[in-house]
């Protein structure tokens, strides 16, 4: 709950002498307050009426207001109607009937107006107090429910993190137990995919994690997996210029997996193990973004894509599926090597179906 709002509650409902007196006298003890106001009125008229003379009429407002504050509109109207008869009775007891108002109809109408208006305002004030109290109770209930859900979410995220670590450990164990180069290579690529998901999860759902991700930090984490082996492979150059772009989870995870697949492909096929450069760039283009991965390898013939003898690899299927989730479009071309390009909207709609072109063919991914 907002601390300022919480601090304001006592001022609205309980704090302040006026509200405290109103609640004590007219809400909790309306009959006692009415009887006390009537007694004070009678005492003033009988005790000081001869000196106050006609001004004694005004003190009838004490029981009228007490009835209105204690019993609302109905009580105010009844008390206002009985105000003039009460004055006439007390003035007769004093033996001074001339103290009564000159125009009794106007005096009676005035009593009804004062009692009715005061009663209406009292009822309206009580409704406001009741609504404020109801909203405070509702807000407290929602705050407690939100705190409970936050605890559950932290527990869920912790379990997911542990499960991802277990998956990575199992893959690593199986990799270490195998001597088959193909299996070890496939395990490495699977580990990189799990790592991309885990890094997005850590950044998005950590205890101090932001609601959205900085694409530079997130994508650099993924590139660091390959850059750590720069001594035995191609060098990676990153030029990430997102211009303030922030990625929600539904965009960050697919983008990270696509980058992982593209860089792994360039690492394996685009450059020799001893030299070469893989260039990665991310830039804003109007309402969208472009991710590119270039290598200095021999490249491939994009015109041969789609032929029956060029079956689609798992990496291409993954990229196509993830690009569709981003509402984006992917392409491959030969430009002094291989250039992979992903265009996607800056505010991607995860449910939007994107179009993709140019399958790179069987030798890649």
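The values are calculated or read from the model by the stated rules, or taken from the named source; none is laboratory data. What you see is a predicted model; the values in this text were computed from it and never measured. Heads up, the Cβs are rebuilt from the backbone with ideal geometry, glycines too, and the neighbour counts pull from every protein chain shown.
Every residue, every condition in (1) out of contact with any helix residue (DSSP H, G or I) (no Cβ under 8 Å at 6 or more places or on another chain); (2) assigned by TED's automatic domain parsing to the domain that holds residue 245; (3) at pLDDT 75 or above, yes or no:
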position	(1), (2), (3)
278	no, yes, yes
284	yes, yes, yes
295	no, yes, yes
301	yes, yes, no
310	no, yes, no
330	no, yes, yes
356	no, no, no
365	no, no, no
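The selection criterion, being in contact with a strand residue (DSSP E or B) (Cβ under 8 Å, 6 or more places away or on another chain), within 24 Å of residue 184 (Cα to Cα) and at pLDDT below 85, holds for residue 265. Summed over the stretch 84-141, the residues that are in a loop (DSSP other than H, G, I, E, B) and within 19 Å of residue 74 (Cα to Cα) give a count of 0. Scanning the stretch 150-170 for residues that are more than 17 Å from residue 195 (Cβ to Cβ) and surrounded by fewer than 11 Cβ atoms within 10 Å (Cβ to Cβ) yields 150, 151, 152, 155, 159.
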